[in-house]
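Undergrad: If you scroll down you'll find the structure; I have some questions about it.
The values are calculated or read from the model by the stated rules, or taken from the named source; none is laboratory data. Worth saying up front: this structure is predicted, and the values here are computed from it rather than measured. So basically every Cβ, Gly included, is an ideal-geometry build from the backbone, and we count neighbours across all protein chains shown.
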């Protein structure tokens, strides 16, 4: 269990509960996105995101609200803000894998798991920080600077991390205010969810890169069996081991996202046909 003081305090909001509130008209996708955008701004000193896509997300949230007003929601994820680890290709949006080598790379297509999130109506809020090409367990080794955990061991005061964005790079190395690493290599995804900038986030796991940051940040993380989720559009670290994964606030939320992503993919020959039995939570 994570102990200490959380820098960006909030109560976790479930995807299922939010979907019900959306269906009942008690909240809008626009409102959910606005709250996540506020959290994203607060999280900037923690360096969770490499690229933010709030402008496009606002358009997607408006489209989601229009669908729900007609009773045409695409799935429980319709209108739910979700973040994407920056080693999944995203059409027309920068994909860097945390490296200077890909600092100008814009993919002409979406990774299959990204395309399936879009088909489910999810609102994609940005691309998250990561160890370069997935090679790290702490999210210290990104071309875009280290990512910092929302949890830390010392109380907040006027010289906190959040009030000093220019100190992001040095704060971990100097141990300022008990700053903690978020785990890696999907550290930005975990910090985005832990800090409330997204309800869930895609990660990738080769040797613990979803499970470790989920544990470090007090979240639920899922590394599915190899072949359950398509690797098409995931920039490879070790192709025979790489697995798309999910980070969320609860196992129930993991299940909802997993169901949207699961299924065979003709673009990935290692991706298997899903069993007919339902996922248990």
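Undergrad: What are the residues in the range 40-69 that are without any contact (Cβ under 8 Å) to a residue 12 or more places away in the chain and farther than 16 Å from residue 120 by Cα, if any?
TA: Hits for the range 40-69 are 41, 55, 69.
Undergrad: Out of (1) more than 15 Å from the chain's Cα centre (by Cα); (2) crowded, with 17+ Cβ neighbours inside 10 Å, what's the single condition that is false for residue 267?
TA: (2)
Undergrad: Further, regarding this structure: Residue under question is residue 63, and the condition is that it be at pLDDT 95 or above, crowded, with 23+ Cβ neighbours inside 10 Å and touching a helix residue (DSSP H, G or I) at 6+ places or on another chain (Cβ under 9 Å); does it hold?
TA: Here the answer is no, as residue 63 does not meet what is asked.
Undergrad: Enumerate the pairs (first residue in the range 96-115 and without any contact (Cβ under 8 Å) to a residue 24 or more places away in the chain; second residue anywhere and surrounded by 14 or more Cβ atoms within 10 Å (Cβ to Cβ) and in a strand (DSSP E or B)) with beta-carbon separation below 8 Å, excluding pairs fewer than 6 apart on the same chain, so at least 6 apart or on different chains.
TA: Listed pairs, sorted by first residue: 104/94; 105/94; 106/93; 106/94; 108/91.
Undergrad: One residue is enough: does the range 250-258 have a residue meeting the conditions surrounded by fewer than 22 Cβ atoms within 10 Å (Cβ to Cβ), in contact (Cβ under 8 Å) with a residue 40 or more places away in the chain and in a loop (DSSP other than H, G, I, E, B)?
TA: Within the range 250-258, one or more residues are surrounded by fewer than 22 Cβ atoms within 10 Å (Cβ to Cβ), in contact (Cβ under 8 Å) with a residue 40 or more places away in the chain and in a loop (DSSP other than H, G, I, E, B).
Undergrad: I'd like to know if the range 29-37 contains one or more residues that are assigned to a loop (DSSP other than H, G, I, E, B), surrounded by fewer than 21 Cβ atoms within 10 Å (Cβ to Cβ), in contact with a helix residue (DSSP H, G or I) (Cβ under 8 Å, 6 or more places away or on another chain) and in contact (Cβ under 8 Å) with a residue 24 or more places away in the chain.
TA: For the range 29-37, residues assigned to a loop (DSSP other than H, G, I, E, B), surrounded by fewer than 21 Cβ atoms within 10 Å (Cβ to Cβ), in contact with a helix residue (DSSP H, G or I) (Cβ under 8 Å, 6 or more places away or on another chain) and in contact (Cβ under 8 Å) with a residue 24 or more places away in the chain: absent.
Undergrad: Something else now. Restricting attention to the range 229-241, which residues are surrounded by fewer than 19 Cβ atoms within 10 Å (Cβ to Cβ) and farther than 12 Å from residue 87 by Cβ?
TA: 238, 239, 240, 241
Undergrad: Something else now. Please count how many residues of the range 74-103 are assigned to a strand (DSSP E or B) and buried (at least 23 other Cβ atoms within 10 Å of the Cβ).
TA: Here the count works out to 7.
Undergrad: Here's a follow-up. Quick one: which of 208, 196, 183 is modelled with pLDDT of 95 or more, in a loop (DSSP other than H, G, I, E, B), surrounded by fewer than 19 Cβ atoms within 10 Å (Cβ to Cβ) and within 18 Å of the chain's Cα centre (by Cα)?
TA: Answer to the check: 208.
Undergrad: Give the range 123-138 a look and list any residue that's assigned to a loop (DSSP other than H, G, I, E, B) and under 15 Å from residue 247 (Cα atoms), or say none.
TA: The answer is 129, 130.
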